[in-house]
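Working notes, structure below.
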Amino acid sequence: MKLQATLRFAFFFAVNLATSLHAASVIQFAAANFTVAENAEQATITVQRTQDLDTPVSVDFATADGTATNGLKYTAVSGTLAFGASETNKSIAVPILNEGFVEGTKNFRVILSNPNGGAVLGTRTNLLVAITDNDSPLQVEFASYEAREDEATVVIGVVRGDDGDFPVSVEYATANVTAMAGRDYIETIGRLTFASGEKLKLVSIPILNDALKEPNETFRFTLTNATGTILGTQKSATITLKDNDPGVEFVTAKYYIDEDEGALRVTVRRGNDLALEPFTVDYATVNGTAVAGQDYVRTHGTLAFAAGELSRSFEVPIINDGILEADENFRVVLSNPSGGASLSAATNLTVTLCDATGMTPHGFAAIHREAQGVVKLTFSGEVSKRFQPFFDLYPVEVSTNLVDWQALALLQRTNSATNDLTFVDPAAGTPMRFYRVPTNHFTAAYPKPTGPYPVGRIDRLITDPTRRNRYGISTNGSFAISVWYPAAPTAGQRSARWFEEVVARDTSSSSYWAFVDSYGYSSTKWLDRLPYLWTYAFNDAPLAEVSGAFPVVLFSPGWTTDRRQNNEKLEGLASHGYVAVAVDHPEAYATVWPDGSYYSRSSNPADTEDAEKDRVRDLVVVLDELTNWNQTDARFAGRLALDKVGAMGHSAGGETIVKLGQQDARCKAVILLDSGVEGTLQGFSTPSLTMHMTGDGDNSVFAASKTNAVWFQISNTDHVTFSNYLIFGGYPLATNRDAVRTIHAYTLSFFNKWLKGRDDRLHEGPSPDFPRVINFRKK
């Protein structure tokens with residue numbers, strides 16, 4: 001009996017020991033908090049079960065109001081979750097109600113209770129669910145608008161957010177500031193009614209075009225008394241009326257001209273009011289350091305404007321004295337307007353005569369027929385001292401009959417070189433072979449692209465109908481793009497200008513160059529050369545006649561800069577078989593449209609979140625437009641590989657392309673040029689290459705990437721080294737050009753890997769060929 005009792009006790013102890021070692025099921029929410037959008041229809045919340053998975057268990061749940069109310073923001077639910085054997089997750093579906101109130105984030109709770117089957121509750125049993133508000137209020141679309149006096153109307157947008165699907169209304173009215181109703185614009189009042197589903201109403205306000213020379217003036221447009229909704233923070237807009245009556249003036253206050261150009265054509269303009277009466281104005285040259293009779297021909301006279309005539313011109317002959325000397329200047333002055341006309345402040349034009357000593361036309365110094373019919377061409381032509389740091393381009397053409405010409409080569413001469421420029425034509429085996437080269441100088445600030453293709457360039461205007469108020473035009477949703485592409489060599493074509501001449505010669509205080517100079521890039525010392533700088537791209541050249549489609553690279557320029565900001569890198573990509581597209585974003589300081597329309601800002605707009613969204617939207621619109629081109633465009637149909645799209649951005653453009661990479665799956669790889677991302681960036685998965693200047697440690701994109709990311713710096717560089725404006729930078733030209741050589745090589749290597757499937761592995765590490773790459777990192 002004693003033994004039996006002992007055995008019985010031992011068995012009982014063992015059973016209880018085993019039971020105590022077998023852990024109970026733990027039931028709790030998968031997370032402590034949950035966020036759902038108001039328009040998501042339902043919140044799907046996960047409840048987890050851990051530890052004992054063999055026993056069926058259950059738990060009760062129920063919702064409870066917080067700042068969110070049952071029946072208004074969500075529908076209350078309750079019930080029991082039953083976990084079968086091996087089940088680890090169950091879901092609770094809570095209906096979310098999309099009402100129309102603008103009220104911010106609201107929350108409610110989901111609570112677990114009454115575990116059964118031996119289960120216990122974990123620590124996360126009281127879940128806070130936040131419902132983010134998707135309801136934006138009724139408000140004015142933009143805080144500011146501009147209108148020229150002669151535009152007839154300014155169109156103000158009033159937008160309604162997602163505040164429900166029911167009619168609402170709002171009153172509006174204009175109010176004077178410095179502009180006066182009845183004199184500068186027509187007072188406009190009324191009520192707008194939005195039907196169900198309507199999101200936009202436009203209000204046209206008539207503008208009055210007077211003939212008074214006056215400062216810009218403003219008035220306000222204000223929303224009040226909303227019915228059925230509330231007003232947002234942007235209840236009003238300021239409209240600036242830009243005076244189009246500057247008085248009689250020169251088109252520009254400064255002008256640079258090479259002394260070998262023969263004559264200066266000076267244009268005088270009046271206001272834009274066609275109803276102005278006839279008048280006259282006198283003009284005369286005045287010596288400065290340049291002397292009449294030695295450096296230019298003394299010129300004076302009277303310009304007679306007919307009624308409605310907007311501009312008249314005259315010429316001042318320039319004398320090329322052939323003497324090596326400093327630049328000289330003289331002035332041209334307007335005076336004595338008649339017929340009630342008045343002069344503006346810009347009545348004193350300073351003309352700088354840029355010394356052209358040593359400038360001789362392009363030509364042939366010698367032609368030698370050598371062995372096996374090979375012909376060696378030696379070229380002549382010199383540049384003045386001011387162009388010594390640059391390059392000269394020689395477009396050479398060939399013919400067998402002096403009628404039919406073909407492009408033969410685009411030669412680059414380093415202007416500081418002392419040796420002759422030569423070219424060997426190995427195909428010169430025919431009895432008759434003629435050569436020609438333009439006598440013109442085509443001066444380029446950067447070296448020739450390294451790829452096998454000639455480069456073509458076109459400028460086009462595309463329109464986003466969903467947006468307005470671009471470049472100060474209240475109804476405008478259009479913007480300019482430039483496209484660089486592999487081209488077929490064609491006779492008779494000439495290189496495209498680096499800058500449109502209207503931009504290059506705009507020296508006003510509100511010009512793009514005044515803006516650039518305000519950043520300390522010393523642009524003013526190059527203003528005399530800007531109108532004479534060319535590129536390696538040919539305007540409107542035919543697309544290269546090769547099979548297949550070309551990968552596409554989008555380029556986003558830095559804040560307020562324009563689509564020409566990095567054209568040398570885009571030409572380089574095009575020469576290697578890419579189609580590169582650059583955009584003038586809404587805040588571009590100056591933009592020229594293909595029809596010659598020129599828009600220049602008078603102030604620097606704020607870099608806001610909405611502005612960044614606009615920039616990203618531009619690139620999405622461009623991709624959509626390229627999709628259309630690939631179907632129907634005469635030049636590009638079937639030639640764009642839109643499954644192989646990359647993006648590149650400088651400065652603020654880097655953040656733009658990163659957000660494009662996040663939002664648009666068409667973007668397969670991005671390159672940031674001295675750029676990063678403001679704020680927190682998480683989980684970036686698009687392959688990225690970031691190149692930075694010396695001392696810049698922004699590695700935000702690299703840090704947010706789990707894989708396929710490269711980051712490094714280039715020694716002895718500054719911010720503009722990574723742009724096309726390297727001639728304005730703080731380092732010597734030779735130093736900047738060597739850095740650009742590095743940028744080109746790594747850019748091409750990276751895009752070749754991700755867009756062409758060709759991996760030379762250069763972008764995977766430093767290389768002795770590019771010793772200025774430092775602090776290299778790779779994931």
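The values are calculated or read from the model by the stated rules, or taken from the named source; none is laboratory data. Nothing here was measured: the structure is a model prediction, and the numbers come from that model. Please note: Cβ atoms are built from the backbone with ideal geometry, for glycine as well, and neighbour counts cover all protein chains shown. Heads up: the accessible areas ignore ligands, DNA and RNA and are worked out on the full protein's heavy atoms, side chains in. Shrake-Rupley method; radii C 1.70, N 1.55, O 1.52, S 1.80 Å.
Below are the figures for this structure:
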{"item": "Among Thr591, Asn630, Ala611 - extreme Cα towards positive end, dipole of the stretch 587-631, charges at beta-carbon", "result": "Thr591"}
{"item": "Dipole magnitude of the chain, debye to nearest 20 (Cβ charges: Lys/Arg +1, Asp/Glu -1, about Cα centre)", "result": "2640"}
{"item": "Calculated from backbone phi, Karplus (6.51, -1.76, 1.60) coupling profile of the stretch 64-71 in Hz, x at Gly/Pro", "result": "8, 4, x, 6, 8, 10, 4, x"}
{"item": "The chain - mean residue ellipticity at 222 nm from DSSP helices (-39,500 (n - 2.57) per run, n ≥ 4, rounded to 500)", "result": "-4000 deg cm²/dmol"}
{"item": "Cα-projected label distance for Ala211 with Leu310, points at 7 Å along beta-carbon direction, nm", "result": "1.7"}
{"item": "Most to least packed among 39-46, 287-294, 152-159 [average Cβ atoms within 10 Å]", "result": "152-159, 39-46, 287-294"}
{"item": "Fraction of alpha-carbon pairs over 19 Å apart in the stretch 132-239 - percent", "result": "44"}
{"item": "Electrostatic dipole magnitude of the stretch 228-296 [Cβ: Lys, Arg +1; Asp, Glu -1; Cα centre; debye, to 20]", "result": "560"}
{"item": "Residues Leu461 and Asp633, FRET efficiency given R0 of 22 Å [Cβ-Cβ distance, rounded to 0.05]", "result": "0.95"}
{"item": "Positive-end residue of His300, Ala647, Ile318, charge dipole of the chain with Cβ unit charges", "result": "Ala647"}
{"item": "FRET efficiency for Asn708 and Leu53, using Cβ-Cβ distance with R0 set to 41 Å, rounded to 0.05", "result": "0.60"}
{"item": "Long-range amide H partners of Thr475 with built H, under 5 Å", "result": "Val155, Asn469"}
{"item": "Normalised contact order of the chain, rounded percent, pairs of Cα under 8 Å and 6 or more residues apart", "result": "7"}
{"item": "Ordering of 214-226, 767-779 by packing [mean C-beta count within 10 Å, highest first]", "result": "214-226, 767-779"}
{"item": "Axial C-alpha extent at least 24 Å, average Kyte-Doolittle at least 0.5 - helices from the chain (DSSP)", "result": "2-21"}
{"item": "Cross-link partners of Lys106 among lysines (Cα-Cα below 19 Å; sequence separation of 8 or more within a chain)", "result": "Lys73"}
{"item": "Fully extended contour minus Cα-Cα distance, from Leu324 to Ser547, at 0.36 nm per residue", "result": "75.0 nm"}
{"item": "Cut-off 11 Å, label 7 Å out along Cα→Cβ of Ser113, residues of the stretch 34-64 by amide N", "result": "60-64"}
{"item": "R0 of 41 Å, Cβ-Cβ distance Ala253-Thr608: FRET efficiency to nearest 0.05", "result": "0.80"}
{"item": "Of the GluC sites (Glu not before Pro) in the stretch 596-705, those whose Cβ has at most 13 other Cβ within 10 Å and which sit in DSSP loop", "result": "Glu678"}
{"item": "Paramagnetic label zone (point 7 Å from Cα along Cα-to-C-beta, Val424; backbone N under 16 Å) in the stretch 353-384", "result": "367-379"}
{"item": "For the stretch 36-108, share of DSSP beta bridges that run antiparallel, in % to the nearest 5", "result": "95"}
{"item": "Kirkwood Rh, angstrom, the chain [1 / mean 1/r, Cα pairs]", "result": "31.7"}
{"item": "Two-decimal ratio, the stretch 414-464, of alpha-carbon radius of gyration to 2.2 N^0.38 Å", "result": "1.77"}
{"item": "Qualifying lysines (Cα of each under 24 Å from Cα of Lys242; at least 8 residues distant if same chain)", "result": "Lys213, Lys254"}
{"item": "Restricting the stretch 313-384 to GluC sites (Glu not before Pro) in coil, as DSSP defines it, with at most 13 other Cβ within 10 Å", "result": "Glu325, Glu370"}
{"item": "Spacing of the two label points (7 Å from each Cα toward its C-beta) at Thr224 and Thr67, in nm", "result": "3.1"}
{"item": "Point-charge dipole on Cβ atoms (K/R +1, D/E -1) for the stretch 33-142, about Cα centre, debye to 20", "result": "360"}
{"item": "Candidate lysines for bridging to Lys756, where Cα separation is under 20 Å - those fewer than 8 sequence places away on the same chain excluded", "result": "Lys569, Lys644, Lys668"}
{"item": "Dipole axis of the stretch 30-135 (+1 Lys, Arg; -1 Asp, Glu on Cβ), positive-most option in Ala68, Ile92, Gly122", "result": "Gly122"}
{"item": "Amide H contacts of Leu411 (H built 1.01 Å from N, under 5 Å, at least 5 apart or other chain)", "result": "Tyr394, Val396"}
{"item": "Amide H contacts of Tyr74 (H built 1.01 Å from N, under 5 Å, at least 5 apart or other chain)", "result": "Thr69, Leu97"}
{"item": "In order through the stretch 432-448: 3J(HN,Hα) via Karplus (6.51 cos²θ - 1.76 cosθ + 1.60), integer Hz, x for Gly, Pro", "result": "10, 8, 10, 10, 8, 8, x, 6, 4, 8, 10, 8, 10, 8, 9, x, 5"}
{"item": "Per residue accessible area in Å² of the chain, where ligands, DNA and RNA are left out and the probe is 1.4 Å", "result": "43"}
{"item": "Share, in percent, of DSSP beta bridges within the chain that are antiparallel, nearest 5", "result": "75"}
{"item": "Trypsin sites (Lys or Arg not before Pro) restricted to the stretch 540-641 and DSSP loop, no more than 14 other C-beta within 10 Å", "result": "Arg635"}
{"item": "Around Ile239: net Lys/Arg minus Asp/Glu count, Cβ-Cβ under 14 Å", "result": "-4"}
